[in-house]
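The values are calculated or read from the model by the stated rules, or taken from the named source; none is laboratory data. Please read all numbers here as calculations on a predicted model, not as lab measurements. Cβ sites come from the backbone with ideal geometry, for glycine too, and all protein chains shown count toward neighbours.
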Amino acid sequence: MSRVLAAIATVLWILPLQAQTSGPPGIQGVDSDSASPFMKIKGIVETENPLGGMFKIWSLRSFVAKSDGATTHQLYVTVAYSSPGGRKRFNGASDGSLTPLKLTPINSESHAACTKKAFAFGCRYTEDFGIEVSAAALRTHAAGGYSLNITSKRGDVMVIVISPRQIAAQLETAQKCLVVVRRQNAAASGERGPQLLDRSRLGFKASEITDEIAAKTGLPKGPGIVVFEVAPGSIAERSGLKARDRIMAVAGCGPSMDSQAAMKKCIAQKDAYIGMVVDRGGTLTTVGLKLYAQEP
């Protein structure tokens with residue numbers, strides 16, 4: 001029971017930190033202290049607390065440079081566990097492709113008055129660490145989640161999955177911050193800032209795969225929304241969307257997309273970036289449409 005209460009207390013302590021914001025108006029979860037060279041984005045918190053196992057808290061943190069908009073992403077992880085053999089010391093991470101990722105220990109502590117003699121299950125430890133992840137990897141895994149394998153010096157292995165909702169929210173907020181940075185820098189230099197593009201001019205037409213669409217494209221009927229026209233020079237074409245692509249999901253709008261009306265509603269809610277997972281000839285890929293452009 002004491003372990004469960006400690007876990008709950010940790011969550012209650014961390015969640016208010018995620019809600020704090022002093023960033024640009026209208027953008028939640030952003031800390032933009034005037035003395036800092038970065039806009040700091042605090043992402044959605046996920047937790048896992050298996051009975052008798054390791055308690056985990058993780059969220060994405062992003063840093064958008066105010067000077068040029070350069071953006072980096074980090075998975076911030078807190079783990080709490082009991083161990084008779086001492087601290088685990090997590091020090092390695094990789095993704096599903098076995099690509100090594102940089103892990104940085106941030107904090108490590110043990111509970112006061114905890115001794116191996118006092119508790120048969122061992123002392124209680126807490127570790128915090130950050131793992132660098134790229135925007136490209138987040139976009140690639142926007143639909144199904146990004147799974148990371150994390151290892152310790154003692155040989156322990158655990159898996160943490162950055163969920164689709166965490167990825168969608170972080171990329172969307174990062175794009176909003178980038179727009180603010182560009183506007184502020186443009187204003188300082190006397191130039192025009194990025195302008196919001198008309199969603200009706202994204203430059204592609206798509207529909208549920210009806211008998212008529214299937215006959216025109218040669219695609220079999222099935223899930224998704226098929227793109228049957230991409231206008232030359234349009235946002236869609238510049239972003240890499242192609243005719244015959246089958247849009248399977250839009251980041252932040254559920255695990256699948258089977259209705260043209262639902263897709264239009266989803267796009268209308270986007271402020272800066274539309275991340276799409278498309279089936280292109282049997283291979284899933286990610287296409288991102290930016291709703292802002294730097295106009296001359």
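Run down TYR125, TYR146 and say which single residue is modelled with pLDDT under 95, surrounded by 13 or more Cβ atoms within 10 Å (Cβ to Cβ) and more than 19 Å from VAL45 (Cα to Cα).
After applying the criteria, what remains is TYR125.
Within region 15-103, considering only strands (runs of 3 or more DSSP E) that don't extend past its boundaries, which have at least 1 residues that are hydroxyl-bearing (Ser, Thr, Tyr), within 19 Å of ILE160 (Cα to Cα) and modelled with pLDDT of 90 or more?
Output list reads 46-48, 55-65, 71-83, 90-95.
Please work out which one of (1) farther than 22 Å from SER163 by Cβ; (2) within 22 Å of the chain's Cα centre (by Cα) is the condition ILE209 fails and give its number.
(2)
Kindly evaluate LEU202 against the criterion of being at pLDDT 80 or above and crowded, with 16+ Cβ neighbours inside 10 Å.
So LEU202 fits the description; yes.
Return the pairs, sorted by first residue and then second, in which the second residue is at pLDDT 75 or above and in a strand (DSSP E or B), the first residue lies in region 212-230 and is aromatic (Phe, Trp, Tyr), the beta carbons are less than 9 Å apart, and the residues are 6+ apart or on different chains.
Filtered contacts from region 212-230: PHE228/PHE204; PHE228/LYS205; PHE228/ALA206; PHE228/SER207.
Step by step: first the residues of region 227-283, then only those that are acidic (Asp, Glu) and assigned to a loop (DSSP other than H, G, I, E, B), then the one that is modelled with the lowest pLDDT. Which residue is that?
ASP271
Would region 221-234 turn up any residue that is basic (Lys, Arg) and either closer than 19 Å to THR173 by Cβ or touching a strand residue (DSSP E or B) at 6+ places or on another chain (Cβ under 7 Å) (or both)?
Taking every residue of region 221-234 in turn, none turns out to be basic (Lys, Arg) and either closer than 19 Å to THR173 by Cβ or touching a strand residue (DSSP E or B) at 6+ places or on another chain (Cβ under 7 Å) (or both).
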